[in-house]
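K.L.:
Right, I'll just put the structure down here and ask away after.
The values are calculated or read from the model by the stated rules, or taken from the named source; none is laboratory data. Note that this is a predicted model, so its numbers are computed, not measured. With ideal geometry, Cβ positions are generated from the backbone for all residues, glycine too; neighbour counts draw on all protein chains shown.
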Amino acid sequence: MSNQLDFKELSADEVVEKLQVNPSTGLMTEQIGSRQQQYGFNEIPEKEETLLSRILKRFWGPIPWMIEIAGILSAAVGKWEDFGIIMILLLVNVVIDFRQEAKAISALKLLKEKLARLALVLRDGRWSEIPARELVPGDVIKLRIGNVIPADVTLIDGAYLQVDQSALTGESVPADKMTGDIAYANSVIKMGEMVAVVTGTGLNTFFGHTVELVAQAEKHEHSHLQKAVVNIGNYLILIAGVMVVLIIFVGLNRHDSLMEILRFSLVLMVASIPVALPAVLSVTMAVGAMRLAQHQAIVSRLVAIEELAGVDILCCDKTGTLTKNQMKLEEPALLNNFTRDDALFYAALASRVENNDPLESPIFQAVQHSHIQQRLSDCEQLDFTPFDPVRKRTEATIKFGDDSSRIVTKGAPQAVLALCDDAVVEETVIRQVEQFAHNGYRTLGVGVRSPDESTFHFVGLLPFYDPPRDDSAETIATAKRLGLDVKMITGDNLAIARQIVEILGIQGEIRNHTELSEERPTELLLIADVVTETLYGRLKSDATSDEVRAVVEEVVNRLEERLRDVRPHNGFVRRHESEIVRLIEETGGFAQVFPEDKYHIVDRLQLNDHIVAMTGDGVNDAPALKKADAGIAVSGATDAARAAADIVLLLPGLSVIINAIEESRQIFGRMKSYAIFRIAETLRVILFMTLAITVFNFYPVTAIMIIILALLNDIPIMAIAYDNSKIEPHPVRWNMREVLTIASVLGLAGVVSSFLLFFILEEMQFSRGLMQAILFLKLDIAGHSTIYVARTGERHFWERPFPSLKLFIPAMSTRIVGTLIACYGIFMEPVGWKMTGYIYLYATVWFVFNDFLKVAVYRMLNRTKWLLGREHVHEIIK
């Protein structure tokens, strides 16, 4: 297939020759058929997974397996009520997940629809309109103002084109194209008309390559939340499986009833499996999505909310994201005693409102409500020469109200200077243009002369720049306070990028995209050699102090070590991947990047264990938005960017991102609380049950009690989605070692407290039925207390934030229900109010003890983490 890169360095004549086409007649019919077979249609092929496959895969995985096994066991022993409840939970989670995926897979479809529908093509010597999908490399097409370019092309005839390719490259102003230049598919023609030859179609275009990157990004691995859920599920499966096998083995050795053993094991398995886990996750995420919707942010992939909690690097596109994508006129630099009003007046006379040129619109805005407007209304434009890439300026002949006339011009400063004859002015202008360029401004020169003069008078320079959004600087500052490293990734030029970074306070140097290459010129080796030789020379100097000699020796050794690591290859040396990642981490961003650069920046950061968020608005941002852990399409984004993103902002500005990050960290806190609670409860019940059955041959609770306990615990925990949670000041991640340690300690503490109560009841010679009722009551009260222990993390239960009413009321209500069931003996022997009071006192003491135990374990884990961190630092220093 043809490749746009193959044509980049070729002239128009060489492109025509390589594609074997006659520009006067276009392709012949016999050529079209063969090329259609070779290259296919000019469209983005649709690779859509079948509906059946998308449905079936949701029934595959650790959590679905657990639920399905529980359902099968329920059916096997005739527990159809349990079977129905389990299947409903499974189907609800499948439906929620399926709907979220249906939104996400629309990205490629929207990108496909962005292709131009029709093209004016020359074939067999005749011009005709055909569907753009039928174009092949070698087709000669005509491009006119307003057209969407249907394929990658090389321009072969005509004066010039002004092409808006900002959605592809991120450039803030249209690009000027002339004969021999390349124009990209899906760019919009703002001015001009030219003939071009098609060099790339379908996926083999700059646009198509972007789509391929989006397709690749579709295949990214599961979110960190999904991994955590799988780990929790696997942990509980392992424990529950071992305990159930142990119970069955002991029961068979005792010659207990097989059906009774299986039935009890089934109930215990159902109670141990986190059947509600997917539902709790979905509800929690959905609540977060609803809250973000109130801030005009639409969430298309629920797990992206949780991903935001751990984001440590925020990559932002510049044009249209950090900036307004609207050029702003700054204070002009004036010459020859002209005033600011003069510069704006003559610049407006050399422009036309109807052109909607991005550099002319700010001029008309500046004069719209000033006295200059009155001066303009007294003038008549007799003649106007539009901008073209050869002249690089506009020119107009103006008749004033007093019948005098002037010729005004506006354009590239060098082009206007060439019309003047003043060495002093030329030196001043060149110096000022360089200063403006250094500050990232685009500059227009303005000149004027009377008809009887041969040269122009240089009026002044008009600097323009794309200003940041009003809230960009504040958003970036807040993001930094939340522990995020903000980087700007833009297709615009280096000087402009550096100016915006300085204004917004983004830390780190902005680099050119070429520095992302895995290869660099061997000239760098020569420089390193020169530095090494120079340092060796200094080492031989007697004047060098011992301290300086030691530093120089170290530098030399490091240079030699680095030079040994690289391998020369065809004039280049290959850099280590770690070196490129370190470069990305240390910089403030990159300029003049292509879509694949943005994609690979995100990919490399992810491979280096960063969680990355990416903001953008154009087609060029779509691959990186899809690849990022949290892709955010800003207000006004293209359909392709919106479809590829996880979160779509409907209002201008980035401040809602901060709301999303804060909400996500609260959600993370809730999910961590739930995970600790669920694991602790499972361990508390199943270990106590297993040990009591296998060691003491005593069933501490009946099967119906286990089902009631499971229901009473799951009902309030669903309300954790509405709980108050602390906003951590730094990115947070799933630390399964910490979660499992805290949960296991709380679970084991619960086992100890249950056995202590069991021994007390045994000593008091209570009947087996009453012991079971009392133990049921204790497990119910202690289970609800564990919610309050788990939700506060490293803090004590009495510290802020306090539980929300939406959590407290269900938790208290189900505890009261459990208490009444035990007290009045529903499905069991009645406990009575006196014993209920003792059990409440007993459970409360253990609740306070568990809370202090939890805080102590957190501190121990933090101390261990700190010591390991110190050892790691010492290792690095060594």
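K.L.:
Does residue 100 satisfy the criteria of being at pLDDT 75 or above, over 18 Å from residue 205 (Cβ atoms) and in contact with a Lys or Arg (Cβ under 7 Å, 6 or more places away or on another chain)? Write out each step before concluding.
P.N.:
Details: at pLDDT 75 or above: no; over 18 Å from residue 205 (Cβ atoms): yes; in contact with a Lys or Arg (Cβ under 7 Å, 6 or more places away or on another chain): yes.
So residue 100 does not fit the description; no.
Okay, residues lined up against (1) at pLDDT below 90; (2) buried (at least 19 other Cβ atoms within 10 Å of the Cβ); (3) under 22 Å from residue 675 (Cβ atoms):
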{"site": "782", "(1), (2), (3)": "no, yes, yes"}
{"site": "791", "(1), (2), (3)": "yes, yes, yes"}
{"site": "795", "(1), (2), (3)": "yes, no, yes"}
{"site": "801", "(1), (2), (3)": "yes, no, yes"}
{"site": "809", "(1), (2), (3)": "no, no, no"}
{"site": "813", "(1), (2), (3)": "no, no, no"}
{"site": "818", "(1), (2), (3)": "no, yes, no"}
{"site": "821", "(1), (2), (3)": "no, yes, no"}
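K.L.:
Here is a further query. Among the residues of segment 252-307 satisfying the criterion of being at pLDDT 75 or above, hydrophobic (A, V, I, L, M, F, W, C) and under 16 Å from residue 703 (Cβ atoms), which is surrounded by the most Cβ atoms within 10 Å (Cβ to Cβ)?
P.N.:
Step by step, filter segment 252-307, then rank; the result is 261.
K.L.:
Working only within segment 740-762, note down all residues that are over 17 Å from residue 701 (Cα atoms) and either modelled with pLDDT of 90 or more or surrounded by 22 or more Cβ atoms within 10 Å (Cβ to Cβ) (or both). Steps first, answer last, please.
P.N.:
As a first pass, look at segment 740-762 and keep what is over 17 Å from residue 701 (Cα atoms): 740-749.
Within segment 740-762, 741, 742, 743, 744, 745, 746, 747, 748, 749 qualify.
K.L.:
Hey, another quick one. Being of a type in the set (D, E, K, R) and out of contact with any Ser or Thr (no Cβ under 8 Å at 6 or more places or on another chain) is the filter; apply it to segment 444-478 and report the residue that is farthest from residue 506 (Cα to Cα).
P.N.:
Step one: of segment 444-478, the residues of a type in the set (D, E, K, R) are 449, 452-453, 466, 469-471, 474.
With out of contact with any Ser or Thr (no Cβ under 8 Å at 6 or more places or on another chain) added as a condition, the list becomes 452-453, 470.
Numbers: 452: 53, 453: 50, 470: 15 Å.
The residue in question is 452.
K.L.:
Which residues, counting only those in segment 335-347, are surrounded by fewer than 19 Cβ atoms within 10 Å (Cβ to Cβ) and of a type in the set (A, V, I, L, M, F, W, C)?
P.N.:
Across segment 335-347, the qualifying residue is only 338.
K.L.:
Which condition number does residue 203 fail, the rest of (1) in a helix (DSSP H, G or I); (2) at pLDDT 75 or above being met?
P.N.:
Of everything listed in (1) in a helix (DSSP H, G or I); (2) at pLDDT 75 or above, residue 203 misses just condition (1).
K.L.:
Kindly provide the set of residues from segment 595-652 that are among the acidic types (Asp, Glu) and either surrounded by 24 or more Cβ atoms within 10 Å (Cβ to Cβ) or under 28 Å from residue 582 (Cα atoms) (or both), ordered by number. Explain how you work it out, then say what you get.
P.N.:
Just the residues of segment 595-652 that are among the acidic types (Asp, Glu), to begin with: 596-597, 603, 609, 617, 621, 629, 639, 646.
Within segment 595-652, 596, 597, 603, 609, 617, 621, 629, 646 meet the criteria.
K.L.:
Answer yes if at least one residue in segment 300-317 is over 30 Å from residue 441 (Cα atoms), in a loop (DSSP other than H, G, I, E, B) and of a type in the set (D, E, K, R), and no otherwise.
P.N.:
Checking segment 300-317: at least one residue is over 30 Å from residue 441 (Cα atoms), in a loop (DSSP other than H, G, I, E, B) and of a type in the set (D, E, K, R).
K.L.:
Next question. Taking the options 648, 602, 612, 656, name whichever one is in contact (Cβ under 8 Å) with a residue 12 or more places away in the chain, in contact with a Cys (Cβ under 8 Å, 6 or more places away or on another chain) and more than 25 Å from residue 495 (Cα to Cα).
P.N.:
On the way: 648 fails: in contact with a Cys (Cβ under 8 Å, 6 or more places away or on another chain); 602 fails: more than 25 Å from residue 495 (Cα to Cα); 656 fails: in contact with a Cys (Cβ under 8 Å, 6 or more places away or on another chain).
The conditions single out 612.
K.L.:
I'm trying to understand the selection: among the residues of segment 506-521, which are assigned to a loop (DSSP other than H, G, I, E, B) and either among the polar types (S, T, N, Q) or modelled with pLDDT of 85 or more (or both)? Give the steps one after another, and end with the answer.
P.N.:
At the first step, the residues of segment 506-521 found to be assigned to a loop (DSSP other than H, G, I, E, B) are 506-509, 517-518.
506, 507, 508, 509, 517 - these are the residues of segment 506-521 that are assigned to a loop (DSSP other than H, G, I, E, B) and either among the polar types (S, T, N, Q) or modelled with pLDDT of 85 or more (or both).
K.L.:
Which residue out of 170, 146 is surrounded by fewer than 17 Cβ atoms within 10 Å (Cβ to Cβ) and at pLDDT below 85? Write out each step before concluding.
P.N.:
Working: 170 fails: surrounded by fewer than 17 Cβ atoms within 10 Å (Cβ to Cβ).
Only one candidate passes the filter, namely 146.
K.L.:
Of all the strands (runs of 3 or more DSSP E) wholly in segment 348-429, which have at least 1 residues that are crowded, with 19+ Cβ neighbours inside 10 Å? Give the steps one after another, and end with the answer.
P.N.:
Numbers: elements: 380-385, 393-399, 405-411.
The qualifying strands (runs of 3 or more DSSP E) are 393-399, 405-411.
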